[in-house]
Structure formats: C-alpha cells, structure tokens
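The values are calculated or read from the model by the stated rules, or taken from the named source; none is laboratory data. What you are looking at is a predicted structure, and each value in this text was computed from that prediction instead of being measured. Counting neighbours? That spans all protein chains shown, and the Cβs are built from the backbone with ideal geometry, glycine included.
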Amino acid sequence: MSKSLPSIRTRLAQALVGWSLLWTVAVSMAVWLAVQNEVDELLDDTLQAAAEVLSGPLSNNPQAESLPADHDAGSEHPPPLPSGRFAWQVVRYAANSRAEVLMRSPAAPTSALRDSPSPAFGDAPGWRVFGMSLADGRHWLYVAQSHEERHEAQLEVAFSAALATLAVALLAHLWLRARVRHELLPLQRLAQHLRAHDPASTGATLGKAERQELQPVHAAIDALAERLARRLAQERAFTSHAAHALRTPLAGIDAQLAVALRECPPALQPRLQRVRTAAGRLQRVVAALLTLFRSGAELQRQPLDVAALISRLPVEGLTIEVQVPQALSADADLLAAALLNLFDNSLRNSATQVTVSTPTATTLRLDDNGPGVSAGRRSELQRALAAQAYEGSTGLGLMLADLIARAHGGVVLIPDVSRGFAVELRLGY
C-alpha cells in the first residue's frame, strides 16, 4: 500500500494540473469574450459622451460657416477629448450630398468620415464612428476612434484579466495540492503502521482510524490479518505435527536399512544403500520443515561458529571446506536446515566439494564444483526467488533456503560464477 501512495499523489497532481489548465483556458476565453464586449460598449459610450461634450460649443460656433475645409481646431476652439485617443470632424452636406469638412481635430482624416449623414454608431475604414446632428440641422459632428486603438485597449484589458485569472488559477492549484497532500497524510501513516504490522502476532490490530472514512479500511485489514494469522497458524501446526509424525518412522527405517546392509548379500548392498540415502535425504527435509515451521516460535539470533555448526551436520559424500573469518548472527536451527538442503542440492547435482565462506558479516556463501547452470537458468531462478514464485521454478532446497533467509530479514542470491554453482544467503541485520 505504501508503494501505491506516490502513484496516487502523482495521479491526483496530474489530474489537478489538467483540470487547472482546462479551467484556466475556459475562464480565460470567457473573460476574453466578456472583456471584448464590455470594452466595445465602454468605448462606444465614451464616443457618444465625447460627441455630446463637443456638440454644444460647435453648435454655437459662429465661424463654422466660414472656416476653410483644411482648418485644424486650435486652442481657441472646443477643448480636446479627455482621453487624447479620439478624432472629430464637423461636416456640412450640400444639396448635391457632397460632404465638406468644416472643422476637424489634428488626428482626424481630411476627408469626411461619412459620405452621407449618418446618426448613431457605424464603421468607416479604420475607424469606429459616432455621428450626431448639430443644433442647426445642417451640420454633422462625427467623433471617431481608430480600430487600432480599440484593439489595443481590448488587448490590454484582456491581458490584465488573463493574468489575474492565471494568478487565481495558480493559487487555487497550489491550494488544492496542499489540501490533497494533507488529506493523504492519514493514508501515509496507515502505510507506516502496515509496514510494522505483524498479523501473526496475537491480538494485533491497527487500532482506531484517524478519519471516520478510513475506519472500514482498518476493519477490513484487521479482518484480513486475522484470517491470514489463523491460516498461518493452522499451516504451521499441520507442518509441525506432520514432521513430528514422520521423523520417528524415518529414523526406524534408517536403522533397519543399516542392519539390512550388514546382513544382506553383497549384490544387494548398492540397492539398499541407495534406499538408505534417499531415506536420509527425506529425514533432512523433514528436519528442515520441522525447524522452519516451528509453531509459535520466534527467531533466535545468536553469534554462530559456522565451522562448528557444519561439523555437526550429517553430510556424507561431500567434502566441505570452511573459510569463515568472522562469526555470523543467525538462528542456529534455521541456518542448519538451510545448509543441509543446500548441501543435498550439491550432492544431487554431482558436486563433490563445497566451499563455505562469509564475504560479509551478514552473508553466508556456498560454492560447489558441480556442473552449474546456464546464464538463462540462473536468471530464471533468481527471478523466481525474488518473486517467491517457487512452484515449478525452484527445488525444495532453494525454496527452504530463501524462506529461512527471509525469516532473517534477507534474501537468497545466485551469483554468476565461471565454474560450478554458488548461493548467497543474505541474513539481514
């Protein structure tokens, strides 16, 4: 579960980023459309207001009839518009509909903005125009703003609005990330509890959940742990009882075979010896199972003299060389069971010699002089051990050795060697 939390956080963060971007784009488009419409209305209102401001002085201007067409309005004429971004014209239309510009601002074009009298709003090439008739009815006032100015104003306002939207979206994104991280903290702490949780312990529970919505999760995990602990206890009890039940008859079989070997004709002795060897191997397997699945037993780590431990093991037909410069800390019974099964593996694979060494204070290594395995088979065995997929992939010896190494908090590794076969038991700390 703890390994999935970073993935959950990553997916939530990606979803937040995606939704934030989508929300930002959608809001920005909405802001752009709203700003464009509102700015157009505001600028049109400004044009109309400017025309109303100018219409009074221009309607009372007695010189309007006599001014030349190219006359520019000076300081003695109506004041400039407040924004400084507008142009205006006073146009007279003759009987033949010819438009004559009587007055204009410096920025206004020399030709009439409208060829015919046109009230209200309209567009001329490059201009947005508002027209109104002056008091005498013969003259028309046109106040205009260039399309370039309007577009610039729209862009400035829209850009400012977009920046504000992005800032809000960024703050919302950061806030959401912080909230998600805060909401995931109980899951992280639950993962930490699970790492230290041992369902095999009597009465082990996760306890009360930090959040009410996590209480069903706690209850489900406790129920699962209880079922696993019960199943594990049953399996340990069965294995222990089965091993005890087998050990006595196997010892009797070995004793009877030893007597039979002394009394039988020489021609039958090789066959009986093979039977006794098989019975001895079965005894070692039973002993390993009995040791590994001790019902309710805890790991008993202690400093071990590996050479002394090996000297007490019943190994026949195999020369064992011990090169152990330092003591190991391990459970003596479990380590003996692992060694017995690994020695038996070497024997069955035609090895005659095994070298036992300790490369580190927590590693026990066995190298034999057997035929070894191919690189592909070695990789297959290593993958099976790493995944604990023993069935159909590893023999009983490697499986038991791996289980014993894991009981010590370690693993079994199969190093690549040029000759023979090698196994390393990493026993943890």
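Within segment 304-323, the set of residues being out of contact with any Gly (no Cβ under 8 Å at 6 or more places or on another chain), assigned to a loop (DSSP other than H, G, I, E, B) and either of a type in the set (Asp, Glu) or surrounded by fewer than 18 Cβ atoms within 10 Å (Cβ to Cβ) (or both) comprises 305, 312, 313, 317, 318. Across segment 91-106, the number of residues qualifying as surrounded by 11 or more Cβ atoms within 10 Å (Cβ to Cβ) and in contact (Cβ under 8 Å) with a residue 24 or more places away in the chain comes to 9.
Restricting attention to segment 251-279, report how many residues are among the β-branched types (Val, Ile, Thr) and touching a Leu at 6+ places or on another chain (Cβ under 7 Å). Matching residues across segment 251-279 total 1.
Of the residues making up segment 130-151, those that are exposed (fewer than 13 other Cβ atoms within 10 Å of the Cβ) and modelled with pLDDT of 80 or more are 148, 151. State which residue pairs qualify: first residue assigned by TED's automatic domain parsing to the domain that holds residue 261 and inside segment 273-291, second residue at pLDDT 65 or above and among the polar types (S, T, N, Q) in any location, beta carbons under 9 Å apart, and separation of 6 or more residues or different chains. Cβ pairs passing all conditions: 284/341; 285/341; 288/341; 289/239; 289/240; 290/239; 290/240. The residues of segment 327-362 that are crowded, with 20+ Cβ neighbours inside 10 Å and in a loop (DSSP other than H, G, I, E, B) amount to a single one, 351. Checking every residue in segment 350-363 against the condition of being touching a Phe, Trp or Tyr at 6+ places or on another chain (Cβ under 8 Å), modelled with pLDDT of 85 or more and either not assigned by TED's automatic domain parsing to the domain that holds residue 421 or not small (Gly, Ala, Ser) (or both) gives at least one match.
Among all residues of segment 267-278, there is none that is at pLDDT below 80 and within 15 Å of residue 339 (Cβ to Cβ). Is it true that residue 226 is among the acidic types (Asp, Glu), over 30 Å from residue 299 (Cβ atoms) and modelled with pLDDT of 75 or more? No; evaluated as a whole, the condition is false for this residue. In segment 110-147, the qualifying residues are those that are in a loop (DSSP other than H, G, I, E, B) and under 60 Å from the mean Cα position of the chain (by Cα), and the one that is nearest to residue 40 (Cα to Cα) is 126.
If I ask for residues that are out of contact with any helix residue (DSSP H, G or I) (no Cβ under 6 Å at 6 or more places or on another chain) and either part of a loop (DSSP other than H, G, I, E, B) or closer than 15 Å to residue 337 by Cα (or both), which ones from segment 376-402 would you list? 388, 389, 391, 392, 395, 396, 398, 399, listed by residue number.
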